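Asker: Can you keep this structure in mind? I'll have questions shortly.
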Amino acid sequence: MSKPCTQCGRCCKATPCGLAVEFLDDVSSPCKALELHDDGKYYCGLVVHPSRYIDVGEAGAWKDEFLGTVFASMLGIGRGCCSEAETEFVNSLAPLFAEVRI
Ligand code: SF4
Ligand code: SF4
């Protein structure tokens, strides 16, 4: 069983994930969607407010909420520190979502 995620940001500083590769035009490290918030924790910008990073068409709060929820699920947020299996899962799904246009 994996350890809890402490939101240290180490993984995203080291290597952009499959979502970053599919949705961001710059995949240099650290990931440009990685955000350090006032609570001292790191957050994925694609989860918190996707429309700041990708074109979602006309802005709408529901799109941020919907996409953020989908991205969080793909990333395994809430399931502990990313394991190799979770990374493989994200990488395998990301190409599918490249076809999604909202
Ligand atoms: S989880 Fe978010 S911040 Fe981290 S590498 Fe992936 S897209 Fe970037
Ligand atoms: S998944 Fe692991 S390395 Fe990544 S932010 Fe969470 S605790 Fe840190």
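Asker: Expected output is a single nm value to one decimal: the length gained when fully extending between residue 69 and residue 2, i.e. 0.36 nm times separation in residues minus the C-alpha distance. What is it?
Answerer: That works out to 22.0 nm of additional length.
Asker: What FRET efficiency do you get for residue 13 and residue 61 if R0 is 30 Å and r is their Cβ-Cβ distance, rounded to the nearest 0.05?
Answerer: Efficiency at R0 = 30 Å is approximately 0.55.
Asker: What is the mean projected area of the alpha carbon convex hull for segment 10-93, to one decimal in square nanometres?
Answerer: So the mean shadow area of the Cα hull is 5.6 nm².
Asker: Separate question: Evaluate the relative contact order of segment 10-93 (contact order divided by residue number), counting alpha-carbon pairs under 8 angstrom at least 6 apart; express in whole percent.
Answerer: 25
Asker: Also, I was wondering about something else. Under a Cβ-only charge scheme (Lys and Arg +1, Asp and Glu -1), can you give me the dipole magnitude of segment 10-93 about the Cα centre, in debye to the nearest 20? Each step should come with its number before you reach the end.
Answerer: Values: 7 positive and 13 negative charges, 47 e Å.
In debye, rounded to 20, segment 10-93 gives about 220.
Every number in this text was worked out from the coordinates using simple rules, so none of it is lab data. Fair warning: this is a prediction, and the values are worked out from it, not measured in the lab. A quick note on method: Cβ atoms are made from the backbone with ideal geometry, for glycine too, and the neighbour counts reach across all protein chains shown.
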